[in-house]
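Remarks on the structure that follows.
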Amino acid sequence: MGQSSSTNAPSPPRSTQRHHRSISLSSSFSARSEIFSFMHSKKEPSFEIPDAVPTTIDYTSEIPDECLAIVFQFLSSGERKRCSLVSRRWLLVEGESRHRLALNAQSDLLPLIPSIFARFDSVTKLALRCDRRSVSINDEGLILISFRCPNLTRLKLRGCREITDVGMAGLAKNCKGLKKFSCGSCTFGAKGINALLDSCSYLEELSVKRLRGINDGGAAEPIGPGAAASSLKSICLKELYNGDFFGPLISGAKKLKTLKLLRCLGDWDRLLETIATADSCLVEVHLERLQVTDVGLSSLSNCSKLEILHIVKTLECTNIGVIAIAEHCKYLRKLHIDGWRANRIGNEGLTAIAKHSANLQELVLIGVNPNSASLEAIATNCQKLERLALCGSETIADGEISCIASKCVALKKLCIKGCPVSDEGIEAFAWGCPNLVKIKVKKCKNVTSEVGDWLRARRGSLVVNLDVCEVETEAVDASASDGVQEDAVEFPPIISQVTVGEPEREHEPSSSTSSSSGRRASIFKTRLTVEVGN
């Protein structure tokens with residue numbers, strides 16, 4: 001590993017160590033004997049204090065540095081920091097064996113870069129983060145880091161707004177072995193991304209979020225796959241104004257398996273028509289709040305290897321597109337549909353899923369209103385269904401839940417949120433779903449805590465999580481169901497931005513505060529109405 005030898009004094013021979021231990025044992029026995037004699041005699045005690053036993057023996061000195069580094073790999077970050085304070089040798093070995101590092105990438109980091117990476121000279125996974133109120137490192141800092149970390153395989157940039165295309169070009173030149181790159185809230189542009197793609201021929205995963213340096217002017221250049229055309233396997237684009245610029249990259253990545261398009265502007269139907277072919281390698285696709293219609297979904301159905309599909313708040317997608325997916329994607333295992341209460345995806349699409357998707361293992365329905373017939377078809381035909389989430393539906397009541405309990409034999413995890421379900425429906429799981437491991441019920445106002453205690457008593461091994469204290473009188477927003485997927489059935493969460501305001505005051509708010517709150521609420525409702533209408 002290239003570590004230098006230990007700076008501690010050489011350890012004593014084994015014979016000397018055994019001699020010290022024998023002195024300690026014999027001294028201990030003699031002391032106990034004298035105490036025992038004193039307890040049974042009337043003589044004055046006369047103890048002799050034994051010689052001090054050496055306490056500076058380093059029993060790890062004979063462990064090779066390589067073995068000590070392997071031990072450190074099983075420790076948490078905090079434990080490794082404490083171990084580095086034990087001795088100079090441990091400090092050296094811990095630094096040289098650390099492969100992950102996260103730094104606060106503010107501008108004052110620049111003079112510390114040489115000393116930091118002199119200690120951590122084996123870093124392969126690096127995260128540089130800077131908050132929005134601070135000035136981040138610039139091109140000089142990024143180039144210096146890339147020069148110090150030639151073996152870097154993963155890099156994450158967050159809020160590094162002072163980095164330009166020049167810094168990205170330097171990074172690409174020094175870190176040609178990069179396999180995963182992720183950036184968010186940065187200001188470099190298409191030239192920086194292209195420099196990375198042209199130099200890093202081993203790049204497998206690319207994630208771009210809120211990249212402000214890409215504009216729609218005439219000088220902007222399209223982003224192509226470059227040298228990474230044959231290595232890219234995963235692309236994630238999130239909150240981009242000009243997602244169209246990444247079209248050549250997506251269509252040129254011949255081995256692309258995962259594509260995530262989240263809240264990006266652009267004509268995505270045309271792109272899906274281009275990339276969705278019979279020989280496509282696409283396995284996982286996420287579409288969230290995009291300008292995509294049934295044309296795009298129908299094109300996507302040509303990807304016969306598709307296994308995971310998320311359709312989230314795409315208002316122009318209807319049953320037609322879902323039916324096309326169900327009929328052609330026979331290997332579909334996970335399906336998430338957030339209909340946003342638009343009622344454009346419903347019984348016809350779910351019936352097609354039940355008929356053709358025999359391999360379905362995970363189903364999430366948010367803001368979808370199926371009837372008992374479509375749910376019964378899914379429960380009957382999808383015998384491999386293990387995880388089910390039903391959120392914000394007005395038509396899922398006790399009868400539908402009882403049907404699921406009686407026919408979903410393989411079900412292991414169930415989440416119900418914001419549905420008109422009562423204790424009677426929950427009681428059905430005392431006998432149904434024999435493989436059920438966890439059930440979570442949230443914001444169902446007719447479900448009481450008593451049924452939860454009763455269900456736990458009936459099925460001791462079942463984890464029952466009833467959130468009966470947080471009942472909303474308003475209709476459940478489908479976007480509020482994001483956390484349910486994560487907490488209840490451990491589905492991948494859909495992260496939303498939350499603005500934290502000032503804490504509430506203990507006294508009653510003044511009239512001006514109430515009026516301002518009312519104005520903010522009305523503005524929010526107006527924006528939501530406009531967005532839904534579009």
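How many of the residues in the range 353-405 are among the hydrophobic types (A, V, I, L, M, F, W, C) and open to solvent by 50 Å² or more (accessible area, probe 1.4 Å)? I'd like the intermediate steps shown before the answer.
We begin by selecting, within the range 353-405, every residue among the hydrophobic types (A, V, I, L, M, F, W, C); these are 353-354, 358, 360, 363-366, 368, 373, 375, 377-379, 382, 385, 388-391, 396-397, 401, 403-405.
Of the ones still in play, those that are also open to solvent by 50 Å² or more (accessible area, probe 1.4 Å) are 358, 373.
Result for the range 353-405: 2.
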Over the range 333-352, the set of residues buried (at least 21 other Cβ atoms within 10 Å of the Cβ) and under 15 Å from SER298 (Cα atoms) is ILE345, GLY349
| message | I'd like to know if the range 149-158 contains one or more residues that are open to solvent by 10 Å² or more (accessible area, probe 1.4 Å), closer than 12 Å to ARG212 by Cα and of a type outside the set (Lys, Arg). | response | no
When the range 264-278 is checked residue by residue, the ones that are surrounded by fewer than 19 Cβ atoms within 10 Å (Cβ to Cβ) and either outside any helix (DSSP H, G or I) or among the hydroxyl-bearing types (Ser, Thr, Tyr) (or both) are LEU265, ASP267, THR274, THR277, ALA278
Pairs returned, first residue in the range 449-475 that is open to solvent by less than 90 Å² (accessible area, probe 1.4 Å), second residue that is modelled with pLDDT under 85 and of a type outside the set (D, E, K, R), beta-carbon separation under 9 angstrom, 6 or more apart or interchain, are SER449/VAL468; SER449/CYS469; GLY452/VAL468; ASN465/ALA488; GLU472/ALA480
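Report yes if some residue within the range 443-462 is in contact with a Cys (Cβ under 8 Å, 6 or more places away or on another chain) and either modelled with pLDDT of 85 or more or over 16 Å from ILE401 (Cβ atoms) (or both); otherwise report no.
Here is the first cut: in the range 443-462, the ones in contact with a Cys (Cβ under 8 Å, 6 or more places away or on another chain) are 444.
Within this subset, residues satisfying the condition of being either modelled with pLDDT of 85 or more or over 16 Å from ILE401 (Cβ atoms) (or both) are 444.
Yes, the range 443-462 has at least one match.
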The residue that is most open to solvent (accessible area, probe 1.4 Å), considering only those in the range 292-318 that are more than 14 Å from LYS330 (Cβ to Cβ) and part of a loop (DSSP other than H, G, I, E, B), is GLU316
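Please determine, by comparing only the residues of the range 406-437 that are among the small types (Gly, Ala, Ser) and crowded, with 24+ Cβ neighbours inside 10 Å, which one is farthest from LEU462 (Cα to Cα). Even if it seems obvious, please write down each step before you answer.
We begin by selecting, within the range 406-437, every residue among the small types (Gly, Ala, Ser); these are 406, 410, 418, 422, 425, 428, 430, 432.
Subset that is crowded, with 24+ Cβ neighbours inside 10 Å: 418, 425.
Values: GLY418: 22, GLY425: 16 Å.
Looking at the filtered set, the residue picked out is GLY418.
Which residues, counting only those in the range 66-88, are in contact with a Leu (Cβ under 8 Å, 6 or more places away or on another chain) and either buried (at least 17 other Cβ atoms within 10 Å of the Cβ) or closer than 18 Å to ARG100 by Cβ (or both)? Outline the logic, then answer.
Filtering the range 66-88 for residues in contact with a Leu (Cβ under 8 Å, 6 or more places away or on another chain) gives 83-85.
Matches in the range 66-88: CYS83, SER84.
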**Prompt:** Just to be sure, is ARG88 under 30 Å from ILE163 (Cα atoms) and either out of contact with any Cys (no Cβ under 7 Å at 6 or more places or on another chain) or touching a residue at least 12 places away in the same chain (Cβ under 8 Å) (or both)?
**Reply:** no
Of those in the range 84-126 that are among the aromatic types (Phe, Trp, Tyr) and closer than 18 Å to ILE70 by Cα, the residue modelled with the lowest pLDDT is TRP90
Within the range 290-345, the residues that are more than 21 Å from LEU262 (Cα to Cα) and aliphatic (A, V, I, L, M) are ILE320, ILE323, ALA324, ALA326
Among (1) surrounded by fewer than 21 Cβ atoms within 10 Å (Cβ to Cβ); (2) in contact with a strand residue (DSSP E or B) (Cβ under 9 Å, 6 or more places away or on another chain), SER115 falls short only on (2)
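Just checking, how many residues over the range 247-263 are out of contact with any Lys or Arg (no Cβ under 7 Å at 6 or more places or on another chain), crowded, with 20+ Cβ neighbours inside 10 Å and either assigned to a loop (DSSP other than H, G, I, E, B) or at pLDDT below 95 (or both)?
Residues of the range 247-263 out of contact with any Lys or Arg (no Cβ under 7 Å at 6 or more places or on another chain): 247-254, 259-261.
Then keep just the ones that are crowded, with 20+ Cβ neighbours inside 10 Å; that gives 249-250, 253, 259, 261.
Then drop every residue that is not either assigned to a loop (DSSP other than H, G, I, E, B) or at pLDDT below 95 (or both), which leaves 253.
Here the count works out to 1.
The values are calculated or read from the model by the stated rules, or taken from the named source; none is laboratory data. Since this is a predicted model, take the numbers as computed values, not measurements. Because the Cβ atoms are built from the backbone with ideal geometry, glycine has one as well, and the counts that use them run over all protein chains shown. Accessible surface areas use protein heavy atoms only, side chains included; no ligands, DNA or RNA. Shrake-Rupley method; radii C 1.70, N 1.55, O 1.52, S 1.80 Å.
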